[in-house]
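Comments concern the structure below.
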Amino acid sequence: MQTQSVINFRTLDLNLLRVFDEVMAERSLTRAARNLSLTQPAVSNSLRRLRETLGDELLTRSGQGVAPTPRALALWPAVREALRQLQRTLVPGEFDPAAAQVVFTLSMADATAAMLVPGLARELQRDAPGVSLRVLSLATRDPRPLLESGEVDVAIGHFPGMIADLTARAQSGEAVPFEHHRLYDSDYVCVMNADHELASGPLTIDRYTAARHLLVSFSGRAYGFIDEALAGLGRERRIVMTVNQFFTASQVVAQSDLVTMLPRHFVALTGIVDRLVWRELPFASGAVHIDSVWHRGTHMSASHQWLRARIEQIARAVHIEPGAHEDEPLAPLPRVT
């Protein structure tokens, strides 16, 4: 038996393991073939050869996709890590940003874009003049359909429900065709115009909930994570308007009696910070996690790895820690060098 295993390994086509990894991740021959730029018959043939080599069925038909055997589930983690290690070792510099001619598409809210995109623009100007960037407004808390279709390469934002679902599925052993990375934690402050009655005096929960509120909502739904926190305290607020951009919200509250919630770092980026006052919330709302999310089909791409590394670098450079003191000027964002 040991001799047979050695012979099988020595004659094994390592490309079969790449196909195996992709099918295990997608649990679909069609999607795996698309990600690998192969035909479905070619993927099926590769799996047949791997079955014959390993002496196990590996994957069986299940509904619209395939289901792994216990042997496949046991093999996959080691195969996946080995392929990643080979990628890092053999082709670490295959993407040359200085010579690249490629277009990347990102999706994020305007408050996130205001913090990250200037740094990305400097990176492209300095290191990748042939690389183009398209930034789409984020209109959902679940960008998986955009990533699945290829409309977006990386989505960046607060995706608590989606991240929880991906984590639960991964922990149960289910295939998860998306990857994610925590970029930073943010927090929100209550913002109003300088003449608003809440701009002076203690901001109590009673005064807060009695105010007229504007909510930044991608869907238009008048309920957000602040409302969840209030509901846990048996309280609620009145939302009289929703908009889909943080910049618009800042303009509205500067000219009305409405109050809104803005990411702390974004107040200094509105361009009208001298007309606004921000206050700490009179109750705990928790940190807001900002994650980048991408499809596994692009995970090993050197160009996409370069892009994600630049995003992470810039997020670290410009991130402002939650908890800066109110009534103090917000520090200017540092340059990315």
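The values are calculated or read from the model by the stated rules, or taken from the named source; none is laboratory data. Just so it is clear, the structure is predicted and the values come from calculations on it, not from any experiment. Because the Cβ atoms are built from the backbone with ideal geometry, glycine has one as well, and the counts that use them run over all protein chains shown. Ligands, DNA and RNA are excluded from the accessible area calculation, which covers all protein heavy atoms including side chains. Shrake-Rupley method; radii C 1.70, N 1.55, O 1.52, S 1.80 Å.
Some points to look at:
- Test: residue in the stretch 274-288 that is of a type outside the set (S, T, N, Q), within 20 Å of L183 (Cβ to Cβ) and open to solvent by less than 20 Å² (accessible area, probe 1.4 Å): yes
- Single residue of G93, G65, G150 found to be under 16 Å from the mean Cα position of the chain (by Cα), at pLDDT below 90 and of a type outside the set (S, T, N, Q): G150
- Failed condition for R134, given (1) open to solvent by less than 70 Å² (accessible area, probe 1.4 Å); (2) at pLDDT 95 or above; (3) of a type outside the set (A, V, I, L, M, F, W, C): (1)
- Some residue of the stretch 95-108 being of a type outside the set (S, T, Y), without any contact (Cβ under 8 Å) to a residue 40 or more places away in the chain and part of a strand (DSSP E or B): yes
The rows are residues; the columns are (1) under 15 Å from I311 (Cβ atoms); (2) of a type in the set (S, T, N, Q); (3) open to solvent by less than 10 Å² (accessible area, probe 1.4 Å); (4) in a helix (DSSP H, G or I).
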{"site": "L124", "(1), (2), (3), (4)": "yes, no, no, yes"}
{"site": "P129", "(1), (2), (3), (4)": "no, no, no, no"}
{"site": "I156", "(1), (2), (3), (4)": "yes, no, yes, no"}
{"site": "L166", "(1), (2), (3), (4)": "no, no, yes, yes"}
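- Against the test of being among the basic types (K, R) and surrounded by fewer than 16 Cβ atoms within 10 Å (Cβ to Cβ), the options R27, R71, R34 yield a single qualifying residue, R71.
- Residue match in the stretch 178-191 (condition: of a type in the set (D, E, K, R), farther than 30 Å from D21 by Cβ, at pLDDT 95 or above and not in a loop (DSSP other than H, G, I, E, B)): no
- From the list H295, H319, the lone residue that is touching a Gly at 6+ places or on another chain (Cβ under 9 Å), at pLDDT below 95 and surrounded by 16 or more Cβ atoms within 10 Å (Cβ to Cβ) is H295.
- Within the stretch 11-34, restricting attention to residues that are assigned to a helix (DSSP H, G or I) and among the acidic types (D, E), the residue that is nearest to A72 (Cα to Cα) is D21.
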